[in-house]
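Okay, structure first, notes after.
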There are 4 protein chains.
Amino acid sequence: MRAVVYNGPHDVTVTDVPDARIEEPTDVLVRITTTNICGSDLHMYEGRTSVETGTVFGHENMGVVEEVGPAVTRIRVGDRVSVPFNIACGTCRNCTHGWTSFCLRTNPTEGVDGAAYGYANMGPYRGGQAEALRVPFGDVNLLTLPEGTDHENDFTMLSDIFPTGWHGTELARMEPGDDVAVFGAGPVGLMAAHSALIRGAARVFVVDKEHDRLALADKIGAIPVDFSAGDPVEQIMDATQGRGTDCGVEAVGYQAHDPAGDEHPELVLDNLVQVVRSTGGIGVVGVYVPEDPGAATDQAKQGRIPFEYGTFFSKGQHMGTGQAPVMRYNRQLRDLIVAGRAHPSFLVSHELGLDEATDAYAHFDARDDGWTKVLLHPESSR
Amino acid sequence: MRAVVYNGPHDVTVTDVPDARIEEPTDVLVRITTTNICGSDLHMYEGRTSVETGTVFGHENMGVVEEVGPAVTRIRVGDRVSVPFNIACGTCRNCTHGWTSFCLRTNPTEGVDGAAYGYANMGPYRGGQAEALRVPFGDVNLLTLPEGTDHENDFTMLSDIFPTGWHGTELARMEPGDDVAVFGAGPVGLMAAHSALIRGAARVFVVDKEHDRLALADKIGAIPVDFSAGDPVEQIMDATQGRGTDCGVEAVGYQAHDPAGDEHPELVLDNLVQVVRSTGGIGVVGVYVPEDPGAATDQAKQGRIPFEYGTFFSKGQHMGTGQAPVMRYNRQLRDLIVAGRAHPSFLVSHELGLDEATDAYAHFDARDDGWTKVLLHPESSR
Amino acid sequence: MRAVVYNGPHDVTVTDVPDARIEEPTDVLVRITTTNICGSDLHMYEGRTSVETGTVFGHENMGVVEEVGPAVTRIRVGDRVSVPFNIACGTCRNCTHGWTSFCLRTNPTEGVDGAAYGYANMGPYRGGQAEALRVPFGDVNLLTLPEGTDHENDFTMLSDIFPTGWHGTELARMEPGDDVAVFGAGPVGLMAAHSALIRGAARVFVVDKEHDRLALADKIGAIPVDFSAGDPVEQIMDATQGRGTDCGVEAVGYQAHDPAGDEHPELVLDNLVQVVRSTGGIGVVGVYVPEDPGAATDQAKQGRIPFEYGTFFSKGQHMGTGQAPVMRYNRQLRDLIVAGRAHPSFLVSHELGLDEATDAYAHFDARDDGWTKVLLHPESSR
Amino acid sequence: MRAVVYNGPHDVTVTDVPDARIEEPTDVLVRITTTNICGSDLHMYEGRTSVETGTVFGHENMGVVEEVGPAVTRIRVGDRVSVPFNIACGTCRNCTHGWTSFCLRTNPTEGVDGAAYGYANMGPYRGGQAEALRVPFGDVNLLTLPEGTDHENDFTMLSDIFPTGWHGTELARMEPGDDVAVFGAGPVGLMAAHSALIRGAARVFVVDKEHDRLALADKIGAIPVDFSAGDPVEQIMDATQGRGTDCGVEAVGYQAHDPAGDEHPELVLDNLVQVVRSTGGIGVVGVYVPEDPGAATDQAKQGRIPFEYGTFFSKGQHMGTGQAPVMRYNRQLRDLIVAGRAHPSFLVSHELGLDEATDAYAHFDARDDGWTKVLLHPESSR
């Protein structure tokens, strides 16, 4: 089958790889109809991870079930399904408490809880930027979708970024009526803003400096805040009569840059601590890493982030972090899409065939204007 | 001052009463700009309660502060305020845990926790269908509003029915993405539906038989279910592929009637138990009373409701009940109104002067077509 | 293998039945070391259910794994395990939200969510009062225990009554520092009292009339209330200076009797509504049934319970009900046993061989003095 | 009246000051029966804060009501009361949501939410290490106690450290059955351990190096971990079979020292991130400050703490921080004391007269062996 394969930094190609197939009795084989390129794929693409060459990328997958293992009883051949990026066993302690993003059994990597498809350190699982994907523990992991092709570009957001953005609001313990500050208007930040508005935020401020992204924030009913035009904390403080917001979401991660383009890993956390009111919550879904060998300082190399912790404590704030347990949210988000109350496809800028992946990675990595979110449809490549 | 006074069953008049005034150092005196007639006022109007003649009605009040007692430090003269229908001391055990609807100190009536303005059994407090209102513990109870007159008809819903409808969704422990069944499309039921949609329901079914009310449900994005056209449980089961809804709200109360017009106090609870799926929640904000001397059966006279409890248990459902603690929600709801994301004034059918109250009660009590919600503006009477 | 088989009302015998065996790839076969007789087994024994003759009883099981199906990856041969009475698929909507007691897939019975071993209406699964038990979806359902034989009589309570009693406190939303009223000092009521004390109750009142059971309540630190010596509501009101308790647990069920021995299915709910303070919670784990053909009144036959609902509403109470999702609690309770902080074996009155089951049922059903809780050890029968 | 007055670093004396008196209509005047020296008083004593000379110290106060202002309606002369260290208005947005430790109105200091008695930056309120104390908003703030003198040394812990330790377990979102790691066996750490055990922890590890404190931990049922004898993370990992604990409490603060005595403000947070399992919570009640001019590094001077944030994120942990809202817990903790289920007085090492305060400060500041917790009884000085 055809698949997007990593050959080294800034080098992915679409080539033939052995067909995905059922390996365990609980496996399900999914023919991919849509698979997205994720911002976190670029970390690997840019060579900032330890991912091995030959890896098939792709953890945002959906498709139609082609075959099921002999122990599969819930999922059936022909089911249209969304594949959460987390691979969960469904029966370990974390899974049974709803933390499928921290499964204790599916990732053999020492010291890492949680597995995913086609990603560095997340276990030996091939990705889904391919014609087909093997899904372990299929009954556990797969979400069924209404048959047909309706809402394809909305449903494809259910595998990762829509639940991840939603998780940001959950980690921040957002309540209806809250004012919310979202830092970062990339796909995850925009999904967090969309989520906050769906669940009853009063006002959602979205901070970024890219005008196309801020325009999307505005389009979905959020309030864009351009940090290249002035201190975003001051802008939001002014808009809230000095009270600050009730909570905030971090959707940037450790590669935060100031307006001058310098990397400051503590910058966004500092801003959130300042802008969120006392007793408020901060949900962190932008990625921070335990080790970053290429970082500028010794602290950053060890994943130490010297943010304004004393202020964080004095304000009695709280903070939740980490990868989203997709299964906790994806059914409800699917139902909101079907009911016409969520429409995450507003993000999509490009729909391409699988064979166009090489170019797509180059453009997306270059942050070329308008390349917000790329979907690959393997079938249209045929 | 002028006020709406109860003289006996089906007899209210607008007459002169002694001026409201500061009596305690923590009191605040509010000049009323808008006061609504509530469906529960009709219980008194119809003579089904023990309310005394001479009572000034009115527990849905808002206005402008005219005077404050010497121990008042938060509220200031000139503040525009919403007055929650609950009168709370703010310092008893229930109040400090957020249950201002069950204040242990403000109601001297034996065995009743919680007080209100101008209402049977809820303590010796005059109502606000008048030119002015004395508000005990003003710093505790009053919600400040943006100055001016904007959103007057939205803000006037903050004193009771908007928080009460919201409380219904809270008691049902509604979550975003849920399908919700609301029984009753009166003002509280419509507010529950509006609330559910604001906080992220997927679909909200609203059950009633009055076409004007069902039309309002449809207008705000809910799905009207006409129980005169067929069993509402079956209709909703069909619409949910037999799954039922995730939760439900009771907004009818003990005076439930079947399509033939017969009173069946257990009818709505039965329907909710049937239509809500296993493990789901039921929020009850329709009123049930401990004693109903005029009821048809001995059981009903004692407030006993023989609903399908065995099914309730077998399905592992849960139920929350009781009057809404308005202060827990009204600030957030105010902010949603200001942000343009809530607009409860869609309910308003009539705006009248205080002197028109006698007629308004008669029409409202007769359920005359189109009399959904009546606001009285005392100033316009002058 | 030998097993306890139901032949008809008041007639169980220990006889040979076909060996339990692996039938599905996800099955696990458990050799039973301890299996308890449950109070709910007596409903079947007394002929008040539709259970079929030939049924093997037993849903409180533990033992050692003898064989695992080819798709089992977590549980291993030789593991000592507790078997929750609920049979859960682990992947349906209710299971993934932690409601394994309402699994949507394991019980083929129309209209019933949730399955169990050897029980009327709970699916076609044989019970574990036998030498061995087939456990469906073994990776999902089984809890591993420390190897060996320590704490056997404590761990055997993990399959049902300890989690069920705990669930009662959870449904009541008990908080540390609460005063709690538990109605019923049978095994489940005593487990609820033990649970409440472990999780920080201030005082736990346990209401019953049997002196041996009240003595056990006293022994574990609860306050016994003998309802044959006076109205239990008054007794608890006196002890709480008229405030009532913060919450309550129903551990009696629809077969409640007054001191004179007459059945009053609404009696315990009435008492709880009266004794729990306004805004408090009631957790119902005593069983109520949708249909009770042998009941005295038409209402009771339909599972309608005419309790004081008007008072329930006026006090703003809430209520949770239903069978316990054992998996939500059993790991933590196991850890509390291992740490020496829970010791539910205080209940055990008899340890017998499997072959003594016939007699044991007769004594337990007769409520013979001192027959609090019977454990059967199949191996000791050999 | 006599009071403990701060004259400068390491210099407090007991001298005459103007009598405390009613100043506002909502004030209550309390005659102090017991007032404790708190570890945080030593920050001021040592000169590491901006506290002004002449300040009367003391925020852990209890006593008997001597006089009430004219607007006080709940508290009465003669009531025995505990005085929470937070001074709350009871009616601002934070107070009405239960965050009395972040009151928006009682502290005029720019940028600081929350007030306290006799403390740097916490507003212009005199402390209670004196014969009497003025309590603002007395109806809001005071907790009544059973009359008499029983449990005096237990009840005196209700003003601060027992609720603060409890808050640590709450911020960590501890659940019954959890293993808990508490760092710091000072008074707050020991109270956190006592709290965790009361609310159903399986095992509580308490980390310190002082043998007298570790002995107290052992005495109350916790597991002492001596960090001078080896890496505490390794010790706890070994005891938990490598799983780590379910949650943790930080009760040390920014002045953490390694075994060699060097200050490392990030040390305890690092240890907690390492020892708490993925998805677990960390409750921080040890104090961190926004500015620490005397600190060793520029980062520390700005309150920046470069802990292992990348690991914190990768493990999906969450963290809550800040001063305890005493009123949220003190009633329940009082009831647990009365019921004999909490006994925080185990901490008390010294009971002295007020006039002995000067010496007591010196000994306590020197961490003299056995000076765990000092109570001052002003009456016994007379």
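The values are calculated or read from the model by the stated rules, or taken from the named source; none is laboratory data. From a predicted model like this one, the values you see are computed outputs, not experimental measurements. We place every Cβ from the backbone using ideal geometry, glycine too, and count neighbours over all the protein chains shown. Ligands, DNA and RNA are excluded from the accessible area calculation, which covers all protein heavy atoms including side chains. Shrake-Rupley method; radii C 1.70, N 1.55, O 1.52, S 1.80 Å.
Here are the numbers for this structure:
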{"quantity": "Trypsin sites (Lys or Arg not before Pro) within the range C:1-83: DSSP coil, no more than 14 neighbouring Cβ in 10 Å", "calculated": "C:21, C:76"}
{"quantity": "For the range D:122-144 versus the range A:107-145, the gap between their alpha-carbon centres in whole angstrom", "calculated": "59"}
{"quantity": "Beta carbon of chain D nearest to the axis of the rotation taking D to A, residue and angstrom distance", "calculated": "D:306, 2"}
{"quantity": "Label distances, nm, residue A:237 versus same residue in remaining copies, Cβ-directed 7 Å point", "calculated": "4.2, 5.7, 6.0"}
{"quantity": "Total accessible area lost when C and B pair, probe 1.4 Å, Å² to nearest 100", "calculated": "3500"}
{"quantity": "Calculated FRET value between residue C:24 and residue B:359, using beta carbons and R₀ = 60 Å, to 0.05", "calculated": "0.25"}
{"quantity": "The range A:1-79, accessible area per residue, ligands and nucleic acids excluded (1.4 Å, Å²)", "calculated": "39"}
{"quantity": "Distances in nm from residue A:294 to the matching label points in the other copies, shortest first (labels 7 Å along Cα to Cβ)", "calculated": "4.5, 7.5, 7.9"}
{"quantity": "Label point distance in nm, residue C:380-residue C:239, each placed 7 Å from Cα along Cα→Cβ", "calculated": "3.4"}
{"quantity": "Residues with amide H under 5 Å from that of residue B:181, placed H, sequence gap 5 or more", "calculated": "B:205, B:247, B:248, B:249"}
{"quantity": "Structure-based [θ]222 nm, the protein assembly as shown - -39500 (n - 2.57) summed over DSSP H runs of at least 4, per residue, nearest 500", "calculated": "-6500 deg cm²/dmol"}
{"quantity": "The range C:230-382 - percent relative contact order, Cα under 8 Å, separation 6 or more", "calculated": "17"}
{"quantity": "Projected label distance in nm at residue A:15 and residue A:212, using a 7 Å step from Cα toward the beta-carbon", "calculated": "3.0"}
{"quantity": "³J(HN,Hα), Karplus 6.51/-1.76/1.60, whole Hz, each residue of the range B:82-95, x for Gly, Pro", "calculated": "9, 10, x, 5, 6, 9, 10, 7, x, 10, 7, 4, 5, 4"}
{"quantity": "Gyration tensor (alpha-carbon) shape descriptor, the protein assembly as shown, a/c threshold 1.5", "calculated": "rounded"}
{"quantity": "Selected from B:344, B:124, B:84 as most flexible by GNM, with chain B as the system and alpha-carbon contacts under 10 Å", "calculated": "B:124"}
{"quantity": "For the range C:143-153, 3J(HN,Hα) per residue [Karplus equation, 6.51 cos²θ - 1.76 cosθ + 1.60, θ = phi - 60°, Hz, x = Gly/Pro]", "calculated": "9, 7, 10, x, 5, x, 10, 4, 6, 3, 6"}
{"quantity": "Cβ-placed point charges (K, R +1; D, E -1), dipole of the range A:70-179 about Cα centre in debye, nearest 20", "calculated": "620"}
{"quantity": "Prolate/oblate/rounded label for the range B:1-116 (Cα gyration tensor, a/c 1.5)", "calculated": "oblate"}
{"quantity": "Sulfur and carbon atoms: percent of accessible area, the range C:232-382 [1.4 Å]", "calculated": "46"}
{"quantity": "Amide H partners (placed H, <5 Å) of residue D:66, local residues excluded", "calculated": "D:29, D:30, D:31, D:78"}
{"quantity": "Cβ-placed point charges (K, R +1; D, E -1), dipole of the range A:136-188 about Cα centre in debye, nearest 20", "calculated": "200"}
{"quantity": "Peptide C:101-113, shielding by other chains (average Cβ, 10 Å cutoff)", "calculated": "2"}
{"quantity": "Phi to ³J(HN,Hα) by Karplus 6.51 cos²θ - 1.76 cosθ + 1.60 over the range A:2-13, Hz, x for Gly, Pro", "calculated": "8, 7, 8, 10, 8, 10, x, x, 6, 9, 10, 9"}
{"quantity": "Shape call, the range A:70-188: gyration tensor on alpha carbons, a/c limit 1.5", "calculated": "oblate"}
{"quantity": "Only Lys, Arg (+1) and Asp, Glu (-1) charged, at Cβ; the range C:9-130 dipole about Cα centre in debye", "calculated": "440"}
{"quantity": "Other-copy label distances relative to residue C:7, 7 angstrom Cα-Cβ extension, nm", "calculated": "8.0, 8.2, 9.6"}
{"quantity": "Positive-end residue of A:69, A:37, A:56, charge dipole of the range A:33-87 with Cβ unit charges", "calculated": "A:69"}
{"quantity": "Label-point separation, residue A:52 to residue A:173 (7 Å along Cα→Cβ), nm", "calculated": "4.3"}
{"quantity": "Candidates B:310, B:69, B:165, ranked by Gaussian network fluctuation over chain B, Cα under 10 Å, top entry", "calculated": "B:310"}
{"quantity": "Whole-angstrom gap from the range D:326-340 to the range A:363-377, using each part's C-alpha centre", "calculated": "58"}
{"quantity": "Cβ neighbours within 10 Å from other chains - mean over B:296-307", "calculated": "5"}
{"quantity": "Mean Cα-pair separation over length for chain B, i.e. relative contact order, pairs under 8 Å, 6 or more apart, %", "calculated": "17"}
{"quantity": "Euclidean distance between Cα centres, the range B:269-322 to the range C:20-39, Å", "calculated": "39"}
{"quantity": "Selected from C:190, C:354, C:336 as most flexible by GNM, with chain C as the system and alpha-carbon contacts under 10 Å", "calculated": "C:336"}
{"quantity": "Neighbourhood net charge (10 Å Cβ-Cβ; Lys/Arg +1, Asp/Glu -1) for residue B:365", "calculated": "-2"}
